[in-house]
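Undergrad: Got a structure for you, written out below as C-alpha cells; questions coming shortly.
Rule-based calculations on the coordinates, nothing more; no lab input. Note that the structure is predicted; figures quoted are calculated from it, not measured. Every residue, glycine as well, gets a Cβ built from its backbone with ideal geometry; the counts of neighbours run over all protein chains shown.
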Amino acid sequence: VHPQHRDLPHILVYSPRGDEAAEYSRLIVERHPEADLMSASEPAGFFRHIGSAEVLMGWMFPANAFTTVRRLRWIHKISAGVEDVIYEQPHDPSVVLTRTPGALIAPRMVEYVLGCIYAHAQRFDLAAAQQRERVWHKYTPDLASQCTVGVAGLGDIGMLVVSALRRNGFRVLGWRRTPRPADGVEQVYVGTEELEPFVAACDVIVILLPATAATQRIISERVLAAMKPEAYLINIARGSVVDEAALIRALRERRIAGAALDVFEVEPLPVDSPLWELPNVRLTPHVSGPVIPAEVVGAFLDNLERYLAGQPLKRQIDETQGY
Ligand SMILES: NC(=O)c1ccc[n+]([C@@H]2O[C@H](COP(=O)([O-])OP(=O)(O)OC[C@H]3O[C@@H](n4cnc5c(N)ncnc54)[C@H](OP(=O)(O)O)[C@@H]3O)[C@@H](O)[C@H]2O)c1
C-alpha cells in the first residue's frame, strides 16, 4: 500500500456476530472521530457497502465477498487465521491482506496449553470420574515439568507458549518451516522430513500451525504412528492440520495417550463424532483464543496510521505461503 492518502479512506466494518461490528466501529471512531465508516452485520449490508469500500476490517465475510469490489485496497482480518479469505474468497492479488497479530489473541491460549498439560499429568479426569462414582482409589500423578513439550509452529502464538513452558521448567522442542533458531527451544526441527523425528522426541505436542495447503492433514497416520504411546496431543490451531479419522483410531487403540482438542475438521463438531465419547479426549468448542474487540482493535488502528502515512502495513499475509 502506497502514499497519497491523507484523508481517511472509506472503511467497511463487518462481523455477523451480534453487535460486534458496532463495537469495532465505536472503538475506531473513538480514535478517529472523523472516520468515514460503514458497518454491516449481515450479507445484504456487506454487499450494499463493499463496492465503495477502500478498507475492509472484520471477519466471516459472506460467500463471493469480493466479486463486486471496485476500490478495495486492504482487507484486515480480526482473527489470526486467514485461510478462508485466501482459499475460499477469490480476490485481486494486489489487495493487501493483514491479520491480528497472534500475540494479541495468545494469552488465553497459553493458559489453555498449561491447563491441559497439568490436568493430564494430575489425572484430573480420572479424579472426576472417581468422584462421580464415590470411589476412593489412590493413584500417582505425573510430574508435568519432567515432560518434553514440542511446539509445532513457532510463530506469534507458538513463541509465547514456548516462553511460558520455559518459565514453568519444561524442556521445549520446536518445529517450523524455515531453518531459524528460536529462543528457549532446545532443538528446532525443520520441514516435513523432520516432523516424524520431532514428534517421536516429545511427550506433549502442541499444534500452532496455520491452515495452509502445505499443513493440510500434516499430522497424518504416519506422524501419529511416530508418536510415543505416552504422547499427549494438544490442537488449538485448526482442525484441518490433523487427519481426524487417523487421530480417532490412534486414540481408540491407545497408540497415543490422549488429546486436548479445541478445533476440528468440521465445526461445530457433528453430534455423531466419536470424539465426543472418547475417554482420553478433552474437547472444547473453539474457545481457546477468543478475539475480543477491545484487545485486538489496536493492531488495526496502528495499521490504519501506517496506511494513512503510506508506510507498509504490519502482519501482511504472504498469500503464496498461506500465512
Ligand atoms: N483456536 C483458536 O481459537 C485460535 C486462535 C488464534 C489462532 N489460531 C490458529 O493458530 C495459528 C497460528 O497462529 P500464529 O499467530 O502463531 O501464526 P504465525 O505467527 O503465522 O506462525 C505460524 C507458524 O507455523 C509455521 N508453519 C507454517 N507453515 C508451516 C509448514 N508448512 N511446515 C512447518 N511449519 C509451518 C511457521 O513457520 P516459520 O516460523 O518457519 O515461518 C510459523 O512458525 C493461526 O494460523 C490460527 O489458525 C487458533
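Undergrad: Suppose every K and R has +1 on its Cβ and every D and E has -1 on its Cβ; what is the size of the dipole of the chain about the Cα centre, in Debye to the nearest 20? Don't jump to the answer; show the numbers that get you there.
TA: Numbers: 33 positive and 39 negative charges, 113 e Å.
In total the dipole reaches around 540 debye.
Undergrad: Can I ask one more? Can you compute the helix-only [θ] at 222 nm over the chain? Use -39500 (n - 2.57) per DSSP H run of at least 4 residues, normalise by all residues, nearest 500 deg cm²/dmol. Write down the numbers at each step before the final one.
TA: Numbers: 10 runs with 105 residues, N = 323.
After summing the helix terms and dividing by the residues of the chain, the value is -9500 deg cm²/dmol.
Undergrad: Related question: Could you check the simple spin-label distance between R31 and K228, using points 7 Å along Cα→Cβ, in nm with one decimal?
TA: Going from the R31 label point to the K228 one covers 4.5 nm.
Undergrad: Tell me, in nm to one decimal, what length is gained between F47 and R108 on full extension, where the rule is 0.36 nm per residue of separation less the Cα-Cα distance? Walk me through the numbers before you get to the answer.
TA: Working: separation 61, 0.36 × 61 = 21.96 nm, distance 3.42 nm.
18.5 nm is the gain from fully extending F47 to R108.
Undergrad: Among residues other than Q89 whose Cβ falls under 15 Å from its Cβ, what is the net charge (Lys/Arg +1, Asp/Glu -1)?
TA: Values: positive: K77, R99; negative: E83, D84, E88, D92, E319.
Spelling it out: positives minus negatives among the neighbours equals -3.
Undergrad: In nm, what is the difference between 0.36 nm times the number of residues separating D125 and A214 and their Cα-Cα distance?
TA: Additional length available on full extension: 28.6 nm.
Undergrad: Separate question: Please find the FRET efficiency linking S94 to E196, where r is the Cβ-Cβ separation and R0 is fixed at 35 Å, and quote it to the nearest 0.05.
TA: On the way: r = 40 Å, r/R0 = 1.13.
In this case the efficiency is close to 0.30.
Undergrad: Separate question: Put a dot 7 Å past each Cα toward the Cβ at L283 and T68; how far apart are the dots in nm?
TA: My value for the distance between the label points is 4.0 nm.
Undergrad: Take the Cα of I248, step 7 Å along the line toward its Cβ, and report every residue of segment 269-309 whose backbone nitrogen sits under 15 Å from that point.
TA: Under 15 Å, as judged by backbone N against the label point of I248, lie 269-281 of segment 269-309.
Undergrad: So for segment 125-167, taking the charge dipole from beta-carbon charges (+1 Lys/Arg, -1 Asp/Glu), which of A152, S163, Q130 sits furthest toward the positive end?
TA: Value computed over the given set: Q130.
Undergrad: Would you be so kind as to identify which of A250, Y232, C202 lies farthest towards the positive end of the dipole of segment 195-256, taking Lys and Arg as +1 and Asp and Glu as -1 on Cβ and the Cα centre as origin?
TA: Going by the Cα projections, it comes out as A250.
Undergrad: I've got another one for you. Note down the nm distance, to one decimal, between modelled labels 7 Å out along Cα→Cβ at N168 and at D272.
TA: Those two pseudo-labels are separated by 3.8 nm.
Undergrad: What percentage of all Cα-Cα pairs in the chain are separated by more than 24 Å? If you can, show how the numbers build up before the last one.
TA: Details: 29984 of 52003 pairs.
In whole percent, the share of Cα-Cα pairs in the chain beyond 24 Å is 58.
Undergrad: Turning to a different aspect of this structure: Using the count of nearby Cβ atoms within 10 Å as a rough guide to exposure, how do S163, S240, S273 rank from fewest to most? Numbers along the way, then the final one.
TA: Values: S163 13, S240 20, S273 16.
By the 10 Å Cβ count, ascending, the order reads S163, S273, S240.
Undergrad: At a Förster radius of 22 Å, what calculated FRET efficiency corresponds to the Cβ-Cβ distance of S145 and D183, to the nearest 0.05? Spell out each step's value before the answer.
TA: On the way: r = 19 Å, r/R0 = 0.86.
Calculated value: 0.70.
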